[in-house]
Amino acid sequence: MASSSRGDGLSLPRVTCPNHPEACLVEDYRAGDMICPECGLVVGDRVIDVGSEWRTFSNEKALKDPSRVGDAQNPLLNGGDLTTMISKGTGAASFDEFGNSKYQNRRTMSSSDRAMLNAFKEITTMADRINLPRNIVDRTNNLFKQVYEQKSLKGRANDAIASACLYIACRQEGVPRTFKEICAVSRISKKEIGRCFKLILKALETNVDLITTGDFMSRFCSNLGLPKQVQIAATYIARKAVETDLVPGRSPISVAAAAIYMASQASAEKKTQKEIGDIAGVADVTIRQSYRLIYPRAAELFPPDFKFDTPVEKLPQL
């Protein structure tokens, strides 16, 4: 039953229950039905919901009125991603009598957004090559956006800034990577990444935790295929060597490589300096120099429960 009237002479249909005309109908949004609360009669079905779509594409979860159109918003870009792009016409109706396109884009992506978008793609590509998780990519993108908007590194290549931001993000997230690992997945030299790294820390007034031998040990040993016992021994050796000040001035990466070499030589799973150097990204001579510093006190560096396959006395003397 549908009946209604307004004082202005226009009549608008009103859906009511034939048995309870004054009852306020309940709308079942899921089924699209109008139901009488008094008798349960389905008065209307397939009712069109004119409210906002239930899905939301914005990052603000508390919004009452979700966005109904458009792609997911990218908070790193300006404009809310609401730009409409008109593709190039192919039919005769797309051109006037002079051959000019009738429909043109009134607004195109700005050069700054285009530069940031290209940098974000490069960051994602680099992260995928060394199997970094999404949270590191997001942190890197935010770091790059801050640096880019401050214009504090003008004159530096965006690829170099992106590589340095990825290095910083890895350090801040507790999964540090070496400069050589970042260089291997980018087109930038280690020297240039190092310069941008220092400039970014200064510009953003942020800092990163100092890297330790333990930050790389599990990854290096895993890539070398060494058992858990050797990894535990190498971690113990490196920590004791640093605590007893046997390796002053040596980088944590070279100390970790030397500790892995010593632990593997004492076990059944022996690895050469070249194999370890290829994984750790350090030269053979660097491993030998650190190894010579810890070798004289090798007997004190191994954990008490380590099972030797090769006694300490028969370890290589480099």
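The values are calculated or read from the model by the stated rules, or taken from the named source; none is laboratory data. Note that the structure is a prediction, hence the values are computed from the model and not measured. Note that we place each Cβ from the backbone using ideal geometry, even for glycine, and neighbour counts take in every protein chain shown. Note: areas computed on protein heavy atoms with side chains; ligands, DNA, RNA excluded. Shrake-Rupley method; radii C 1.70, N 1.55, O 1.52, S 1.80 Å.
Treat each spin label as a single point 7 Å out from the Cα along the C-beta direction, and report the LEU201 to GLN229 distance in nm.
Computed distance between label sites LEU201 and GLN229 equals 4.0 nm.
In the stretch 132-225, if the dipole is taken from +1 on Lys/Arg beta carbons and -1 on Asp/Glu beta carbons about the Cα centre, which of PHE197, CYS170, THR213 is farthest to the positive end?
The residue sitting most towards the positive pole is PHE197.
Sequence gap at least 6, Cα distance under 8 Å: using those rules, report the relative contact order of the stretch 200-318 to the nearest whole percent.
Relative contact order comes out at 28 percent.
Using 0.36 nm per residue of separation minus the Cα-Cα distance, give me the extension gain between ARG14 and ARG134 in nm, one decimal.
37.9 nm
Under a 5 Å amide H to amide H cut-off, with H placed in plane at 1.01 Å, what residues pair with SER189 once short-range neighbours are removed?
Those lying under 5 Å, H to H, from SER189: there are none.
Tell me, what ³J(HN,Hα) does each residue in the stretch 190-198 have, in order and in whole Hz, if you take phi through Karplus 6.51 cos²θ - 1.76 cosθ + 1.60 with θ = phi - 60° and put x for Gly and Pro?
4, 5, 5, 5, x, 5, 5, 4, 5
Under a point-charge model restricted to the Cβ atoms of Lys and Arg (+1) and Asp and Glu (-1), what is the dipole moment magnitude of the stretch 170-225 relative to its Cα centre, in debye to the nearest 20?
320
At 1.4 Å probe size, what's the solvent-accessible area of ASP113? Round to the nearest 10 Å².
10
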